[in-house]
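Here the structure comes first, spelled out in structure tokens, and everything after it is commentary.
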Amino acid sequence: MEFRIAADELKKALHRAQGIVERKSTMPILSNVLVSATKAGVSVTAFDLDIGIVSEHPAEVMKPGQVTLSAKYLFDIVQSLPEAQLTVKKLPNNYAEITSGSAHYKIVGMAPEEYPKLPKEESATLVKLSGATLLEMIKKTSFAISTDETRYILNGVFFEPREGGKVRMVATDGHRLCLIERELPGDFKLKGGIVIPRKGLFELKRLLEEAPEAEMSLGFAENSALFKKPGLSMVMRLIDGQFPEYQKVIPKQGERRLLIPRARLFDALKRISLLSAEKSHAVKVSLAENQLRITAQNPDLGEAKDDLDVAYRGGPLTVGFNARYLLDVLGAVEADEIALELGDEHSPGVLHGPGDGTYTAIVMPMRV
């Protein structure tokens with residue numbers, strides 16, 4: 001195998017691989033990428049047995065072939081090359097020679113025959129969709145995915161086609177829940193919802209951020225998802241199990257409803273949470289006539305408070321929340337104002353854009 005390729009092209013493929021390859025796997029070959037050269041160009045495959053990406057790039061191929069090389073070291077080498085072009089040549093015993101200008105490397109590879117095969121997904125029905133819309137849905141829900149491995153079904157986001165060409169995405173860790181519904185017309189041929197795993201979702205987010213407006217497709221087979229855009233395809237295994245009935249935890253409209261400048265609330269929470277308990281990030285949100293007060297107390301550090309002017313004429317109320325959970329929501333919403341609904345001190349707080357019923361965030365209260 002021998003080919004000549006632009007360093008930027010190979011760098012792009014290897015950058016995509018970094019989040020997927022396993023650094024400390026019991027299978028050393030999973031730390032490698034599979035580099036394949038054909039008459040059509042060069043493809044780079046990264047696969048951890050759950051998520052696989054195949055990235056295709058133009059190249060001058062002198063001799064077709066395959067080799068697997070360390071994803072990390074190859075990426076480091078390509079980033080440091082002195083010239084805009086490089087040549088890769090396979091040597092005996094799965095070594096590879098990389099040359100660019102005056103730089104010359106000879107690195108150890110592994111047999112390409114040992115590299116695991118990606119699952120075939122011909123049965124997936126691909127639906128063309130808006131990358132910008134899918135990216136928005138991921139950004140507004142992914143921070144609520146559970147990191148508790150014992151609750152594996154919550155270690156992903158619930159993807160649920162709805163009537164009228166709409167799709168709903170839901171994430172929860174038991175302490176908070178985020179739900180978004182957007183138009184993604186097309187028939188995904190799903191009987192119900194599926195759960196996309198956290199790692200796969202974040203890799204999908206990275207790929208969407210490269211070019212949100214590019215043409216792309218998403219589809220699902222029995223237990224995996226397939227994502228495609230020009231020059232790239234990604235396959236990932238789905239989480240097997242029944243997502244909880246999230247509708248049951250969505251409260252009816254709270255008795256106390258406030259419209260608050262989003263940036264003002266975000267800044268106040270960020271300031272006051274500096275003195276909150278390190279593990280719980282607990283703050284008190286107190287309502288009085290035309291005033292919302294945020295306070296934090298920490299016996300080791302002291303106390304802090306900040307007052308916001310709001311249009312409110314109901315009775316007094318104090319609720320404890322994890323400030324980080326509120327900040328995550330406020331950071332994901334673009335609206336100038338945020339609607340906050342509260343019931344009593346034992347009821348969850350509900351946040352959404354003013355007049356926007358398509359995005360809802362629910363944060364459970366806490367004792368403070």
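The values are calculated or read from the model by the stated rules, or taken from the named source; none is laboratory data. If you're wondering where the values come from, they're calculated on a predicted model, not measured in any experiment. Ideal geometry is used to build each Cβ from the backbone, glycine not excepted, and the neighbour counts take in all protein chains shown.
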Does the stretch 219-231 contain at least one residue that is aliphatic (A, V, I, L, M), touching an Asp or Glu at 6+ places or on another chain (Cβ under 9 Å), in contact (Cβ under 8 Å) with a residue 12 or more places away in the chain and surrounded by 19 or more Cβ atoms within 10 Å (Cβ to Cβ)?
yes
Restricted to the stretch 16-55, and to residues that are closer than 23 Å to Phe202 by Cβ and touching a Gly at 6+ places or on another chain (Cβ under 8 Å), which residue is surrounded by the fewest Cβ atoms within 10 Å (Cβ to Cβ)?
Asp50
Looking at this structure, is Gln79 closer than 22 Å to Glu210 by Cβ, in contact with a Lys or Arg (Cβ under 8 Å, 6 or more places away or on another chain) and of a type in the set (S, T, N, Q)?
yes
Among Arg271, Arg324, which is surrounded by 14 or more Cβ atoms within 10 Å (Cβ to Cβ), within 27 Å of Glu181 (Cα to Cα) and modelled with pLDDT of 95 or more?
Arg324
Kindly indicate whether Ala103 is surrounded by 13 or more Cβ atoms within 10 Å (Cβ to Cβ), of a type in the set (A, V, I, L, M), more than 29 Å from Gly65 (Cβ to Cβ) and touching a helix residue (DSSP H, G or I) at 6+ places or on another chain (Cβ under 9 Å).
no
Considering the stretch 139-174 alone, what residues qualify as being buried (at least 16 other Cβ atoms within 10 Å of the Cβ) and assigned to a loop (DSSP other than H, G, I, E, B)?
Lys140, Thr141, Ile145, Ser146, Asn155, Asp173
Contacts under 7 angstrom Cβ, first residue in the stretch 345-357 being among the aliphatic types (A, V, I, L, M), partner part of a loop (DSSP other than H, G, I, E, B), 6 or more apart:
Val350/Pro251; Val350/Gly254
Whether any residue in the stretch 314-328 is on the phi > 0 side of the Ramachandran plot and assigned to a loop (DSSP other than H, G, I, E, B) is what I want to check.
no
Filtering the stretch 58-68 down to residues that are touching a helix residue (DSSP H, G or I) at 6+ places or on another chain (Cβ under 9 Å) and surrounded by 18 or more Cβ atoms within 10 Å (Cβ to Cβ), which residue is farthest from Ala96 (Cα to Cα)?
Ala59
If we keep just the residues of the stretch 8-26 that are outside any helix (DSSP H, G or I) and touching a strand residue (DSSP E or B) at 6+ places or on another chain (Cβ under 6 Å), which is farthest from Leu74 (Cα to Cα)?
Ile20
Could you identify the single residue in Leu259, Leu238, Leu265 that is in contact with a strand residue (DSSP E or B) (Cβ under 6 Å, 6 or more places away or on another chain), modelled with pLDDT of 95 or more and of a type outside the set (S, T, N, Q)?
Leu238
Leu118 - would you say it is of a type in the set (A, V, I, L, M, F, W, C), surrounded by fewer than 17 Cβ atoms within 10 Å (Cβ to Cβ) and part of a loop (DSSP other than H, G, I, E, B)?
no
Can you say whether Ser43 is free of Cβ contacts under 8 Å to residues at least 40 places away in the same chain and in a loop (DSSP other than H, G, I, E, B), as far as the supplied structure shows?
no
The condition of being buried (at least 20 other Cβ atoms within 10 Å of the Cβ), in a strand (DSSP E or B) and either among the β-branched types (Val, Ile, Thr) or in contact with a Pro (Cβ under 8 Å, 6 or more places away or on another chain) (or both) holds, among Ile5, Ile98, only for Ile5
State whether the residues of the stretch 176-185 include one that is surrounded by fewer than 23 Cβ atoms within 10 Å (Cβ to Cβ) and closer than 14 Å to Phe220 by Cβ.
yes
Checking the condition touching a Leu at 6+ places or on another chain (Cβ under 7 Å) and either more than 30 Å from Leu184 (Cα to Cα) or among the basic types (Lys, Arg) (or both), which residue from Leu340, Leu287, Leu327 passes?
Leu287
